[in-house]
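Structure, as C-alpha cells:
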Amino acid sequence: MAGSVTVAEQIFDQQGVKTVIGEGPPRTVGPGECPEPGDQILMRGGEPAFRVQLDHEVCSDDDIPEELGLALRRVADRLYHVTMDGREVPDDDGHVEWIVGPSVHEGGIVLFLDTDGDGFSRPMIETMGRIFVDELAPLALQAEISGSSAFPRDLAPAWASEAERNSG
C-alpha cells in the first residue's frame with residue numbers, strides 16, 4: 001500500500017501565538033490556528049509544535065506502530081540540528097533547546113519544541129517539515145504534518161516502544 005506524507009500549506013502561520021489585525025480590533029490567534037485571509041500579523045511569539053495526523057485516531061502508544069514511533073524519534077533527533085536560516089547542521093548548533101514528545105494528544109501525535117524563547121523562522125519551519133517527510137514517507141502511511149495547539153503541560157509522556165512498555 002502506498003502512503004502519502006504531506007505538510008500543511010500554512011504550517012508556518014500555524015506556529016506560535018500571533019497578534020493580528022484585520023477587520024476590527026487586534027486579536028490573538030493561538031498556536032495551531034491560522035490568521036484569517038487579509039489579517040496582518042503584528043507580532044509572533046511562542047514555540048513551534050508539530051502535529052502528525054494519521055488516517056486513524058491515535059489514543060495511546062499502542063496505536064502508534066513501532067516503526068512510526070522510531071521514525072518520530074529520528075525526526076526529533078534531527079530537529080535539534082536545524083538553524084534559524086533553515087540549514088540542517090551536523091553538530092549541535094541547531095536552534096532547538098529541547099523537545100517534548102512524540103506524545104499522543106487529541107487523536108494525533110505531537111512534538112513540542114523549545115527554542116529557549118528565541119522564536120522560529122519560516123526557513124526553520126519549512127526545513128523541519130521536510131525532515132518529517134524524509135523520515136515518515138518510507139513507511140507507506142497516510143499522514144499530515146501541521147502546527148499544533150499543544151503545550152508541554154497538555155502532553156502525555158513521550159511514546160515508548162513495546163519493549164520499553166513491557167520492561168517496566
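The values are calculated or read from the model by the stated rules, or taken from the named source; none is laboratory data. Since we're looking at a predicted model, the values are computed, not measured. Note: ideal-geometry Cβ built from the backbone for every residue, glycine included; neighbour counts use all protein chains shown. Side chains included, ligands, DNA and RNA excluded: accessible areas come from the protein's heavy atoms. Shrake-Rupley method; radii C 1.70, N 1.55, O 1.52, S 1.80 Å.
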By my count, strands (runs of 3 or more DSSP E) wholly in segment 55-168 with at least 2 residues that are touching a Leu at 6+ places or on another chain (Cβ under 6 Å) and either open to solvent by 20 Å² or more (accessible area, probe 1.4 Å) or aromatic (F, W, Y) (or both) are 98-105
For a quick check of your reading of the model, give me the residue pairs whose first member lies in segment 53-64 and is within 11 Å of S103 (Cα to Cα) and among the charged types (D, E, K, R), whose second is open to solvent by 60 Å² or more (accessible area, probe 1.4 Å) and modelled with pLDDT under 95, with beta-carbon atoms closer than 7 Å and at least 6 apart or on different chains. D61/R165
Specify which of the listed residues (E36, E9) is in a loop (DSSP other than H, G, I, E, B) and under 16 Å from the mean Cα position of the chain (by Cα). E9
I want to confirm something. Restricting to segment 9-28 and keeping residues that are touching a Ser or Thr at 6+ places or on another chain (Cβ under 9 Å) and free of Cβ contacts under 8 Å to residues at least 12 places away in the same chain, which single residue is most open to solvent (accessible area, probe 1.4 Å)? T28
